[in-house]
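Data first, discussion second: the structure below is written as structure tokens.
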Amino acid sequence: MSRASHVAAFAAGAVIATAFAARAVPRDVARYKTLDAFAQALVTVQTSYVDQVDEKRLLYDAARGMLHNLDQYSTFLPPNRYKHLRQDTEGEFGGVGLTLAPGEVDDARPNMPPYPTIDGIVPRSPAEVAGLQLDDRITSIEGAPTAEAGRETANAGAWEARMRGASGTRVMLTALRAGWKEPRAFTLIRAQVKQPTVRQRVLEKGIGYLAITRFAEATTQDASAALVQLRAAHALDVLVLDLRNDPGGLVDQAISTADLFLESGTIVTIRGRAGSVENQTAHKGGVATSVPIIILVDQGTASAAEILAAALRDHGRAKLVGTPTYGKGTVQTFFDLEDGAGLKLTTARYYTPKGNSLESKGLVPDVRVDGFTPEEITAGSRVGGNGGSGTTPGSGATIADDDDDPQLTAAVKLARQALRGGSK
């Protein structure tokens, strides 16, 4: 083999074999031959491909392909994407506190480009302090237009990533609001922003509402605090737990959240490589172990959210209302690599307390209630920003008298039955 091939083999070994914790030198001759073949392919592409290519990009693509072919959840992430993914799971990052929705053509102003709109603002974040509002259209970020005639110049996630950065640094935005003739400029100072994953409210006397949007580092702590607030407001005789469109997140947070509602018993069984088994069990002292629970689920309820829902139902602590869940029964683990890249690798399968796997099956609700389609939600059929409710806390209105969210309406009816002692 040529010297170039040896150099390439070393690079491949350093970036790929070492990164995947295969630090011992392989003794099997077939492995040497495979690495040599890879190195030769790398050198051939570098020297003979019609255009010049970057070696680092080739190696990253090779790692990405290797992970992609394992299963649909395992993936290789370059440094920037991996950093943002870890920030999302940790729930805190340097930014301005905005989430954006994809841009759409405004029927009232058909000639206006489809600028992304503000879909969420973190309370007390730089964006809120600056006066930005929901549904404002972001027309540019750092001087770069977010859309042009008929199309966005990048997706909403890419623009959100561009607004992140070190705390104390500036980011320039321009925004267009209904009633404004021209966009206005905003200068925001980035800060550490805690992305909330939990929200709660009083639905009516005795009935509380708790929504978990994903499981991040502080989810259990925030859920516990929310339950304490609901109890203080005399709204924890029955709980409506909303896990709709919760894609999961950190499994340990789902387990510890389940522990808030259970006194004992298995929460989840995790089976890893070579038959290893880990049983996660509940402990005494949870803040809501005797509260009847109605859980809202849909096709967006996945992974860690399914672990929580399955554990509470298997122990007879909850009824599920909505539509069947996504069906993800595997656990992914993050692995940091030396250059800032990382892996999200499937490392185990999990099973419910009754021993069921949810992979490709999901959870079938006890009470089937169809919700609005994403198209109907976008069109405005489902109104209200507090858990799909058109009422506001303390307004005196009851959520079940609203028809904007049939799943929540059904859950409240069951909660009322539980209050009267007709259901647990």
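Can you name every one of the strands (runs of 3 or more DSSP E) wholly within the range 244-298 that holds 3 or more residues which are more than 21 Å from Ala411 (Cα to Cα)?
Working: elements: 266-271, 277-281, 293-297.
Because the criterion is at least 3 residues that are more than 21 Å from Ala411 (Cα to Cα), the strands (runs of 3 or more DSSP E) in the range 244-298 that meet it are 266-271, 277-281.
Can you tell me which residue within the range 279-290, out of those that are of a type outside the set (S, T, N, Q) and without any contact (Cβ under 8 Å) to a residue 60 or more places away in the chain, is surrounded by the most Cβ atoms within 10 Å (Cβ to Cβ)? Talk me through it step by step, then tell me what you get.
Start the filter on the range 279-290 by keeping residues that are of a type outside the set (S, T, N, Q), which leaves 282-288.
Those still in the list that are without any contact (Cβ under 8 Å) to a residue 60 or more places away in the chain too: 282-286.
On the way: Ala282: 22, His283: 11, Lys284: 9, Gly285: 9, Gly286: 19.
Here the residue is Ala282.
Report those strands (runs of 3 or more DSSP E) wholly inside the range 315-373 carrying at least 2 residues which are more than 16 Å from Leu241 (Cα to Cα) and within 20 Å of the chain's Cα centre (by Cα).
Values: elements: 318-322, 330-336, 342-351.
Because the criterion is at least 2 residues that are more than 16 Å from Leu241 (Cα to Cα) and within 20 Å of the chain's Cα centre (by Cα), the strands (runs of 3 or more DSSP E) in the range 315-373 that meet it are 330-336, 342-351.
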Requested in this report: Scan the range 20-69 residue by residue and report those that are modelled with pLDDT under 90, assigned to a loop (DSSP other than H, G, I, E, B) and farther than 23 Å from Gln332 by Cα.
Outcome: Ala24, Val25, Pro26, Arg27, Asp28
**Report entry** Given (1) in a loop (DSSP other than H, G, I, E, B); (2) modelled with pLDDT under 90, index of the condition Phe93 fails
**Finding:** (1)
Query raised in the report: more than 30 Å from Ala418 (Cα to Cα), aliphatic (A, V, I, L, M) and either in a strand (DSSP E or B) or outside the structural domain of Leu296 (by TED's automatic domain parsing) (or both) - does that describe any residue in the range 216-235?
Result: no
Report summary line: Of Val367, Val268, the only residue that is assigned by TED's automatic domain parsing to the domain that holds Asp404, surrounded by 16 or more Cβ atoms within 10 Å (Cβ to Cβ), touching a residue at least 24 places away in the same chain (Cβ under 8 Å) and touching a strand residue (DSSP E or B) at 6+ places or on another chain (Cβ under 9 Å) is Val268
Report task. Among what's in the range 161-215 and is assigned to a loop (DSSP other than H, G, I, E, B) and among the hydroxyl-bearing types (Ser, Thr, Tyr), pick the residue that is modelled with the lowest pLDDT. Result -> Ser167
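The values are calculated or read from the model by the stated rules, or taken from the named source; none is laboratory data. Quick caveat: nothing in here was measured; it's all calculated off a predicted structure. With ideal geometry, Cβ positions are generated from the backbone for all residues, glycine too; neighbour counts draw on all protein chains shown.
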